[in-house]
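For reference, the structure discussed in these notes is given below.
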Amino acid sequence: MTAPVTLNQTRQRFEMPIEGDAMAICDYRVDDGGAYHLLHAEVPPAFEGRGIGGALARGVFDLARDQRLKLVPRCSFMVAWAKRHPDYADVLA
């Protein structure tokens, strides 16, 4: 089971603890308009193939919705996830 996604502004990434010290992450940068550009999502290799990437993406988009953030997916995984989930179009910049 995974934990909720949090926003680590110091490291400029969204984080989702998995197990022990393992963490799924999505690096971002904020543009001048305040939109969060999702640059790179990563799941530790030992946890690949378990749906954790999808859980990370959903957590990032849910957090963005809750905090009224706007997202710009840039990495291929987040771009593909956003296309498969048009119900999150409201959080896209």
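Report whether or not Gly33 is touching a residue at least 60 places away in the same chain (Cβ under 8 Å), open to solvent by 50 Å² or more (accessible area, probe 1.4 Å) and outside any strand (DSSP E or B). So Gly33 fits the description; yes. Within the stretch 44-57, one or more residues are in a helix (DSSP H, G or I), under 15 Å from Asn8 (Cα atoms), out of contact with any helix residue (DSSP H, G or I) (no Cβ under 8 Å at 6 or more places or on another chain) and at pLDDT 95 or above. List pairs: first residue in the stretch 49-74 and under 15 Å from Asp27 (Cα atoms), second residue open to solvent by 30 Å² or more (accessible area, probe 1.4 Å) and in a helix (DSSP H, G or I) anywhere in the structure, Cβ distance under 8 angstrom, at least six positions apart or on different chains. Matching pairs, first to second residue: Gly53/Phe77; Ala57/Phe77; Pro73/Val79.
Within the stretch 1-40, how many residues turn out to be modelled with pLDDT of 95 or more and at positive phi? Adding up the residues that qualify gives 2. Among the residues of the stretch 67-93, just one is acidic (Asp, Glu) and farther than 23 Å from Gln9 by Cα, namely Asp87. The number of residues in the stretch 45-93 that are under 21 Å from Ala3 (Cβ atoms) and open to solvent by 60 Å² or more (accessible area, probe 1.4 Å) comes to 10.
Identify all residues within the stretch 83-93 that are without any contact (Cβ under 8 Å) to a residue 24 or more places away in the chain and more than 18 Å from Val30 (Cα to Cα); write none if there are none. Lys83, Arg84, Pro86, Asp87, Ala89 - these are the residues of the stretch 83-93 that are without any contact (Cβ under 8 Å) to a residue 24 or more places away in the chain and more than 18 Å from Val30 (Cα to Cα).
The values are calculated or read from the model by the stated rules, or taken from the named source; none is laboratory data. Computed from a prediction, not measured in an experiment: that's the story for all the values here. For neighbour counting, all protein chains shown are included, and Cβ atoms are generated from backbone atoms with ideal geometry for every residue, glycine included. For accessibility, only protein heavy atoms count, side chains too; no ligands or nucleic acids. Shrake-Rupley method; radii C 1.70, N 1.55, O 1.52, S 1.80 Å.
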